[in-house]
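Trainee: The structure's right below; bear with me while I get my questions together.
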Amino acid sequence: MAKTVLITGANRGIGLALTRHFIARGDRVIAVCRKSSDALDATGAQVEAGIDVTDEAAIGALAKRLGDTRIDILIPNAGILERDSFADPAFDGIRRQFEVNTLGPLQVVHALRERIADGGKIGLITSRMGSMEDNTSGGYYGYRASKAALNAIGKSLAFDLAPRNIAVVLLHPGYVATEMVGGSGDVTPEQAAKQLIERIDALTPERSGTFQHANGTTLPW
């Protein structure tokens with residue numbers, strides 16, 4: 001049966017690849033972004049542009065526009081990476097990353113909570129760079145901390161949404177060759193999207209609140 005999927009940050013990179021994969025298998029995709037792209041427009045998705053995930057009013061307006069739409073799969077994917085170091089912590093950039101990478105997904109889930117179907121699924125796109133145990137090189141203070149905080153939020157959501165049988169998974173997509181990392185990476189957005197969808201499809205309430213690599217391995221907190 002076709003599902004309704006809402007994806008943020010859908011105009012490029014992993015979000016665009018996810019949109020293409022879901023549509024190719026017959027699902028309806030609501031593609032949310034700040035600004036659309038020719039590639040996104042060509043997918044046939046329902047594009048909801050002008051939505052900044054840090055703007056609570058814009059997200060609230062989106063929820064109203066969706067009316068009584070039932071969302072089966074919600075993927076808060078929008079995120080940013082800014083390079084910083086101990087020598088140059090760039091505190092404004094760290095704050096921006098928390099606004100987008102941490103508070104953004106929580107605001108999206110909260111605003112759309114009544115639209116998410118009971119028994120639905122939430123795939124939070126995080127990063128193994130948010131893992132404490134996996135940090136062996138330091139640096140990237142804003143990105144690491146914002147993703148670690150997102151992991152904590154995802155774990156709490158798993159408990160808070162359990163009464164509605166909504167399962168939450170924290171997903172590391174791999175080192176994906178996107179614009180965010182200058183095109184370098186080990187996997188393409190298409191390969192990452194395929195694996196991420198496999199993880200979401202396999203998600204059960206019993207696995208809610210877990211931190212997983214797109215390849216299926218469990219990651220350390």
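Since every read-out is calculated from the coordinates, none of them should be taken as a lab result. This is a predicted model, so every value here is computed, not measured. Virtual Cβ from ideal backbone geometry, glycine too; neighbours counted across all protein chains shown.
Trainee: Find the residue count for the range 1-29, including only residues that are in contact (Cβ under 8 Å) with a residue 60 or more places away in the chain and either outside any strand (DSSP E or B) or on the phi > 0 side of the Ramachandran plot (or both).
Mentor: So the answer is 13.
Trainee: Can you name the number of the only condition in (1) touching a strand residue (DSSP E or B) at 6+ places or on another chain (Cβ under 8 Å); (2) closer than 24 Å to R199 by Cβ that L66 fails?
Mentor: (2)
Trainee: Continuing with the same structure: Tell me, which residue of the range 112-129 that is hydrophobic (A, V, I, L, M, F, W, C) and in contact with an Asp or Glu (Cβ under 9 Å, 6 or more places away or on another chain) is surrounded by the most Cβ atoms within 10 Å (Cβ to Cβ)? Lay out the reasoning, then the answer.
Mentor: Kept after step one, since they are hydrophobic (A, V, I, L, M, F, W, C), are these residues of the range 112-129: 112, 116-117, 122, 124-125, 129.
Right, trim to in contact with an Asp or Glu (Cβ under 9 Å, 6 or more places away or on another chain) and you get 116-117.
Details: I116: 20, A117: 17.
For the range 112-129, the residue satisfying everything is I116.
Trainee: Residues that are touching a residue at least 40 places away in the same chain (Cβ under 8 Å), over 14 Å from the mean Cα position of the chain (by Cα) and within 17 Å of L74 (Cβ to Cβ): does the range 145-156 have at least one?
Mentor: Yes, the range 145-156 contains a residue that is touching a residue at least 40 places away in the same chain (Cβ under 8 Å), over 14 Å from the mean Cα position of the chain (by Cα) and within 17 Å of L74 (Cβ to Cβ).
Trainee: While we're on this one: Kindly indicate the residue of the range 48-68 that is farther than 23 Å from G154 by Cβ, without any contact (Cβ under 8 Å) to a residue 12 or more places away in the chain and of a type outside the set (D, E, K, R) and also surrounded by the most Cβ atoms within 10 Å (Cβ to Cβ) among those meeting that condition.
Mentor: Filtering the range 48-68 for residues that are farther than 23 Å from G154 by Cβ, without any contact (Cβ under 8 Å) to a residue 12 or more places away in the chain and of a type outside the set (D, E, K, R), the one surrounded by the most Cβ atoms within 10 Å (Cβ to Cβ) comes out as A61.
Trainee: May I pose another question? Is it the case that A158 is among the small types (G, A, S) and either farther than 21 Å from T69 by Cα or surrounded by fewer than 20 Cβ atoms within 10 Å (Cβ to Cβ) (or both)?
Mentor: yes
Trainee: Would you mind stating whether G93 is farther than 18 Å from T8 by Cα and in contact with a Gly (Cβ under 7 Å, 6 or more places away or on another chain)?
Mentor: yes
Trainee: Do you know which residues across the range 69-111 are assigned to a loop (DSSP other than H, G, I, E, B), buried (at least 17 other Cβ atoms within 10 Å of the Cβ) and touching a strand residue (DSSP E or B) at 6+ places or on another chain (Cβ under 7 Å)?
Mentor: Hits for the range 69-111 are P76, N77, A78, G79.
Trainee: Considering only the range 39-68, state which residues are assigned to a loop (DSSP other than H, G, I, E, B), among the small types (G, A, S) and touching a helix residue (DSSP H, G or I) at 6+ places or on another chain (Cβ under 8 Å).
Mentor: Across the range 39-68, the qualifying residues are G44, A45, G50.
Trainee: Based on what the data block shows, is S36 surrounded by 15 or more Cβ atoms within 10 Å (Cβ to Cβ) and among the small types (G, A, S)?
Mentor: yes
Trainee: When you scan the range 1-20, how many residues do you find that are touching a Lys or Arg at 6+ places or on another chain (Cβ under 8 Å) and polar (S, T, N, Q)?
Mentor: Within the range 1-20, residues that are touching a Lys or Arg at 6+ places or on another chain (Cβ under 8 Å) and polar (S, T, N, Q) number 2.
Trainee: Among the residues of the range 172-195, is there at least one that is part of a strand (DSSP E or B) and either surrounded by fewer than 17 Cβ atoms within 10 Å (Cβ to Cβ) or hydrophobic (A, V, I, L, M, F, W, C) (or both)?
Mentor: Yes, the range 172-195 contains at least one residue that is part of a strand (DSSP E or B) and either surrounded by fewer than 17 Cβ atoms within 10 Å (Cβ to Cβ) or hydrophobic (A, V, I, L, M, F, W, C) (or both).
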